[in-house]
Amino acid sequence: IYSCCYLSRRLNQLSSHDPLWKRHCKKYWLISEEEKSQRNQSWKAIFISTYSDLGRYIQYYATLKKAWDDLEKYLGQRCPRMIGSLKESVREEDLDAVEAQIGCKLPDDYRCSFRIHNGQKLVVPGLMGSMALSNHYRSEDLLDIDTAAGGFQQRLGLKQCLPLTFCIHTGLSQYMALESVEGRNKYEIFYQCPDQMARNPSAIDMFITGTSYLEWFTSYVNKVVTGGYPIIRDQIFRYVHDKECVATTGDITVSVSTSFLPELSSVHPPHYFFTYRIRIEMSKDALPEKACQLDSRYWRITNAKGDVEEVQGPGVVGEFPIISPGRVYEYTSCTTFSTTSGYMEGYYTFHCLYYKDKFFNVTIPRFHMVCPTFKVSTARMVSRDAVVLILDFLSHLLHNEYAVDEDEDSTDTDEYEDRRRVLDIPAPSGRCPHHT
């Protein structure tokens, strides 16, 4: 008995040893020494009070809090006006009220993130990235909890899906599936993509962008804070640059970054839209007489089937830029593929400004474009199954020993032909009209 009492006292002493709680406070709640001194509490008291409020999120909180802190620090240095659009955290009862409103449970990682920041005000630029072409602009806001709840979907095709982002220019949203219905996995995140070849308006294909809120948000933040996404005109642009996609010819270096645009793409018909940003730079150590002007460009475009298209023309995006030592010229253009991937490569032709009759080519490195993972609408798959059943039924009738009414046979055949046309429309071969 004495031994048990001694052990109990010893455990009590250990459980009150503040340095032990310090480690847990820093590991699970990211509490700093400065914050601890401001609270004027022991590490144990801080841990217990924080756990009583955020304990259900203990496996997510540190990861999400670090992501938010890193993002705020990075944006504070590079585009501080975006920081002002972030909303303060919400309370547990606010999240519970939303669950009651929509009739679905919110995942704990999503709830945890909104205990740190309640998304963003509907402003431009959006926290979740921008994209701009000559006649197209997209900037996605991270929706606050009330706005997201107001956009909760119960209609066929998007049943039990909650919007995470929204672009006020295009109406584009990324959705999170709150249940495993209509071919989606629970908590999967995607862009909706209407099936333009299906008769059923609920036939919606999906471009997948994440498997969970935690993975979706933290991977995006990581790309931002590591410089994977460039900051252009105080906005985050979602261009991806392959570090190997660089070519140097003499004193001129060409590098390329690319982006997939879901709002201009479709699975049915197959039409995958990509934009690319090209940077042309002359070394600052080059001699002044190396200054030159771009005359024309040549593209060799190859899709996943091996089909090749060659494009040649004057200038780039209607311009004939002059490149001199230390100068950088950047421009954006686009292309489309009827296959889920493809690549481009080519060269620019320049002439020297000091030696007018001297021309030379500058290599454009090969760069690949790949459509993200997508899922086909369950409505389309059901319609295909229905066609198979109809064909089987027709085959049975045609081989049946009993006579078939001629008018009925004709009607069935017309219906079959109409269905066949819906399923077998050839893929469009159209491409974005300029590859500049």
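Tabulated results
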| quantity | calculated |
| --- | --- |
| Among (1) open to solvent by 40 Å² or more (accessible area, probe 1.4 Å); (2) within 23 Å of Lys358 (Cβ to Cβ); (3) in contact with a strand residue (DSSP E or B) (Cβ under 7 Å, 6 or more places away or on another chain), the one test that Glu289 misses | (3) |
| Residue in region 336-359 that is without any contact (Cβ under 8 Å) to a residue 40 or more places away in the chain, among the β-branched types (Val, Ile, Thr) and surrounded by fewer than 17 Cβ atoms within 10 Å (Cβ to Cβ) present | no |
| Some residue of region 318-332 being in contact (Cβ under 8 Å) with a residue 60 or more places away in the chain, farther than 20 Å from Val246 by Cβ and either among the β-branched types (Val, Ile, Thr) or surrounded by 14 or more Cβ atoms within 10 Å (Cβ to Cβ) (or both) | no |
| Filtered residues of region 51-79 (kept if within 23 Å of the chain's Cα centre (by Cα), at pLDDT below 95 and open to solvent by 50 Å² or more (accessible area, probe 1.4 Å)) | Arg78 |
| Evaluation of Arg39 against (1) among the basic types (Lys, Arg); (2) at pLDDT 95 or above; (3) not assigned by the TED database to the domain that holds Gly129 (one fails), failing number | (2) |
| Candidates Phe114, Phe152, filtered to the one that is touching a Ser or Thr at 6+ places or on another chain (Cβ under 8 Å) and open to solvent by less than 60 Å² (accessible area, probe 1.4 Å) | Phe114 |
| Criterion: among the hydroxyl-bearing types (Ser, Thr, Tyr), surrounded by 15 or more Cβ atoms within 10 Å (Cβ to Cβ) and within 27 Å of Tyr331 (Cβ to Cβ) - qualifying residue of Tyr213, Tyr187, Tyr191 | Tyr191 |
| Criterion violated by Thr253 - all others in (1) assigned by the TED database to the domain that holds Arg279; (2) touching a residue at least 40 places away in the same chain (Cβ under 8 Å); (3) more than 28 Å from Leu71 (Cβ to Cβ) satisfied | (2) |
| Matching residues in region 216-235 - criterion: being open to solvent by 50 Å² or more (accessible area, probe 1.4 Å) and farther than 23 Å from Arg81 by Cα | none |
| Test: residue in region 91-102 that is closer than 29 Å to Thr332 by Cα, open to solvent by less than 10 Å² (accessible area, probe 1.4 Å), outside any loop (DSSP other than H, G, I, E, B) and out of contact with any His (no Cβ under 6 Å at 6 or more places or on another chain) | no |
| Filtered residue count, region 233-243, keeping only those that are free of Cβ contacts under 8 Å to residues at least 24 places away in the same chain and over 16 Å from the mean Cα position of the chain (by Cα) | 2 |
| Some residue of region 43-53 being acidic (Asp, Glu) and free of Cβ contacts under 8 Å to residues at least 60 places away in the same chain | yes |
| Considering residues of region 222-232 that are in contact with a Phe, Trp or Tyr (Cβ under 8 Å, 6 or more places away or on another chain) and assigned to a helix (DSSP H, G or I) only, the residue nearest to Asn185 (Cα to Cα) | Lys223 |
| Selected residue (criterion: nearest to Ser202 (Cα to Cα)) from residues of region 149-169 that are under 20 Å from the mean Cα position of the chain (by Cα) and aliphatic (A, V, I, L, M) | Leu158 |
| In region 159-175, the residues that are touching a strand residue (DSSP E or B) at 6+ places or on another chain (Cβ under 7 Å) and small (Gly, Ala, Ser) | Ser173 |
| Of the criteria (1) over 12 Å from Leu95 (Cβ atoms); (2) at pLDDT 95 or above; (3) surrounded by fewer than 20 Cβ atoms within 10 Å (Cβ to Cβ), which one Ser134 fails | (2) |
| Set Ile280, Ile301: member being farther than 16 Å from Thr249 by Cα, among the aliphatic types (A, V, I, L, M) and open to solvent by less than 10 Å² (accessible area, probe 1.4 Å) | Ile301 |
| Single match in Ser266, Ser257 (criterion: among the polar types (S, T, N, Q), open to solvent by less than 10 Å² (accessible area, probe 1.4 Å) and out of contact with any Leu (no Cβ under 7 Å at 6 or more places or on another chain)) | Ser266 |
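Here's the yes/no breakdown for (1) modelled with pLDDT of 95 or more; (2) under 29 Å from Gln160 (Cβ atoms); (3) among the small types (Gly, Ala, Ser); (4) in contact with a strand residue (DSSP E or B) (Cβ under 8 Å, 6 or more places away or on another chain):
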site: Gln196; (1), (2), (3), (4): no, yes, no, yes
site: Asn200; (1), (2), (3), (4): no, yes, no, no
site: Gly210; (1), (2), (3), (4): yes, yes, yes, yes
site: Leu214; (1), (2), (3), (4): yes, yes, no, no
site: Thr218; (1), (2), (3), (4): yes, yes, no, no
site: Val221; (1), (2), (3), (4): yes, yes, no, no
site: Val225; (1), (2), (3), (4): yes, no, no, no
site: Ile236; (1), (2), (3), (4): yes, no, no, yes
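Table: residues versus (1) part of a helix (DSSP H, G or I); (2) within 30 Å of Lys65 (Cα to Cα); (3) modelled with pLDDT of 90 or more.
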| residue | (1), (2), (3) |
| --- | --- |
| Cys4 | yes, no, no |
| Ser8 | yes, no, no |
| Leu20 | yes, yes, no |
| Cys25 | yes, yes, yes |
| Glu34 | yes, yes, yes |
| Ile46 | yes, yes, yes |
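The values are calculated or read from the model by the stated rules, or taken from the named source; none is laboratory data. Keep in mind it's a predicted model, so treat the numbers as computed, not measured. No Cβ is skipped: glycine too gets one built from the backbone with ideal geometry, and neighbour counts run over all protein chains shown. Quick note on the areas: whole protein, heavy atoms, side chains included, nothing else; ligands and nucleic acids left out. Shrake-Rupley method; radii C 1.70, N 1.55, O 1.52, S 1.80 Å.
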